[in-house]
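Working notes, beginning with the structure itself.
Values quoted throughout were computed directly from the atomic coordinates according to the rules given, and no laboratory measurement underlies them. Every value quoted in this text rests on a predicted model; they were computed, and no experiment measured them. Cβ placement follows ideal geometry from the backbone for every residue including glycine, while neighbour counts extend to all protein chains displayed.
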Amino acid sequence: MFSLIRPALFSLDAEQAHGLTIDALAAWARLGTPFAAPASDPILRTTVAGVDFATPLGLAAGVDKNGDAIDGWFGLGFGSVEIGTLTPVPQPGNPKPRIFRLVEDRAVINRLGFNNGGIDAARPRAAAAKRPGVLGINVGANKDTTDRIADYRTGVSKAAEIADYITINISSPNTPGLRDLQHGTALAELLAACSAARGAIPLFLKIAPDLDPAAIDGIARAAIEHRIDALIVSNTTISRPDSLRSRHAAESGGLSGAPLASLARTRLADVRSATGGQLPIISVGGIDSATEAYARIRAGASLVQLYSALVYAGPSLARHINSGLTALLKRDGFASLADAIGSA
């Protein structure tokens, strides 16, 4: 069915099409369509930071910033849904147009800039969702804030009342200066403040793929010291591979989708090495098939997330990846997903 409606969606501005998709999925939920997550094979079950995941496949932050269609995403087969990035105060984000499809490259460039309705508006929707899976809430700082650490502390504190886990997003390239929080004293102060505010809720840290080895080592040490529960590796990249063919390749913003896969694999290996396997890793970037998801898991990822592949493959992708992962694990003789993590 998606192949029939895709031309109509692609005839629209990318952000408009994205909004219509969210609205349709939310409406589908309101009509009473059953949204229990599709039954997954027990072999896919895994536990990260004390949280049980029915499948390692999650929806990455940025797809449903305001949590408008949480139940709908679970109904598509995701084991976890991460909403946000949410900021303490609503903000419109950067000027439009700010999302670009790179069709020839199966990629997306966005420079949204944390556009969202604020965490206070999203919390009632998150609390009301049926949530047959794991709900993550991704938090960030407002662009014009005078105290970024205070913004993160506020977001973490409010998310902790609802979320199954919280992600601190300091890796978006679309808020000036935000990535500076990935280094040194600023990072240590941020992690200390957020750790104090999260109560007993697991706290994840999302980092950029454009970090050098020294920065990765510093993040690994700080994350372990401040008892961060997992690292999400990684956000969009400001780099541009020479292979890009689309006329939109020169647009500013973060690149995601298929061209990010190679860099994401490299960063997964770098972070696993830097942490010595002490922290679970959630791999994001260029995952568009069961084969790619399986490769990330065997390379050391405990969980995987996707976003841009949905633009090109459509809503059946999550179920296809889940069934493919099940087949691959059984083919290779693994009794559980946990046995496959890092096996390569």
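A few remarks follow.
- Under the Karplus curve 6.51 cos²θ - 1.76 cosθ + 1.60, θ = phi - 60°, whole-Hz ³J(HN,Hα) for region 53-70, x wherever Gly or Pro sits: 10, 5, 8, x, 8, x, 8, 6, 4, x, 6, 10, 4, 9, x, 7, 9, 4
- Cross-link reach list, aspartates and glutamates versus K143, counting only Cα pairs under 13 Å and skipping chain neighbours closer than eight places: D151
- Hz values of 3J(HN,Hα) by residue in region 101-111 - Karplus curve (6.51, -1.76, 1.60), Gly and Pro given as x: 7, 9, 4, 4, 9, 6, 9, 9, 10, 10, 9
- The calculated 222 nm mean residue ellipticity attributable to helices in the chain amounts to -11500 deg cm²/dmol, summing -39500 (n - 2.57) over DSSP H runs of n ≥ 4 and dividing by all residues.
- Derived scalar couplings ³J(HN,Hα) [region 153-165; Karplus, 6.51 cos²θ - 1.76 cosθ + 1.60; whole Hz; x for Gly, Pro]: 4, 4, x, 5, 4, 6, 5, 4, 6, 10, 6, 7, 8
- Full-stretch length increase - A39, A335 - with 0.36 nm per residue and alpha-carbon distance subtracted: 104.8 nm
- Counting beta carbons within 10 Å around each of L4, L25 and listing the fewest first gives the order L4, L25.
- Over all projection directions, the Cα-based convex hull of region 2-340 averages an area of 15.7 nm².
- Percent of beta bridges antiparallel (DSSP, region 94-169, rounded to nearest 5): 50 percent
- Positive dipole terminus of the chain, leading residue within S80, N322, S157 (C-beta point charges): N322
- Euclidean distance of C-alpha centroids, region 41-89 and region 117-134, integer Å: 12 Å
- Coarse-grained scattering of region 190-321 at q = 0.09, 0.10, 0.15, 0.20 Å⁻¹, given as base-10 log I(q)/I(0) from a Debye sum over alpha-carbon atoms: -0.28, -0.35, -0.75, -1.16
- Dipole size of the chain about its Cα centre, with +1 on Lys/Arg Cβ and -1 on Asp/Glu Cβ: approximately 380 debye, rounded to the nearest 20.
- Listed by Cβ neighbour count within 10 Å, with the fewest neighbours leading, D217, D105, D64, D180 appear as D180, D217, D105, D64.
- Pairs exceeding a 24 Å alpha-carbon distance, out of K65/K130; K96/K158; K206/K330; K130/K330: K96/K158; K206/K330; K130/K330.
- Nitroxide proxy distance, nm - points 7 Å out along Cα→Cβ at A128 and T146: 3.6 nm
- Pair S316, M1: separation of 7 Å Cα→Cβ label points (nm): 1.1 nm
- Relative contact order for region 86-212: 24 percent, from Cα pairs under 8 Å spaced at least 6 residues apart, divided by residue count.
- Selected from P56, P92, P173 as most flexible by GNM, with the chain as the system and alpha-carbon contacts under 10 Å: P92
- Most mobile of S11, S40, S316 in a GNM of the chain (Cα contacts under 10 Å): S11
- Most fluctuating residue given options I224, I281, I168, as computed from a GNM of the chain linking Cα atoms under 10 Å: I224
- Order of H183, H18 - criterion: other Cβ atoms within 10 Å of each residue's Cβ, fewest first: H183, H18
- Of the beta bridges in the chain, as assigned by DSSP with both residues counted there, near 30 percent are antiparallel.
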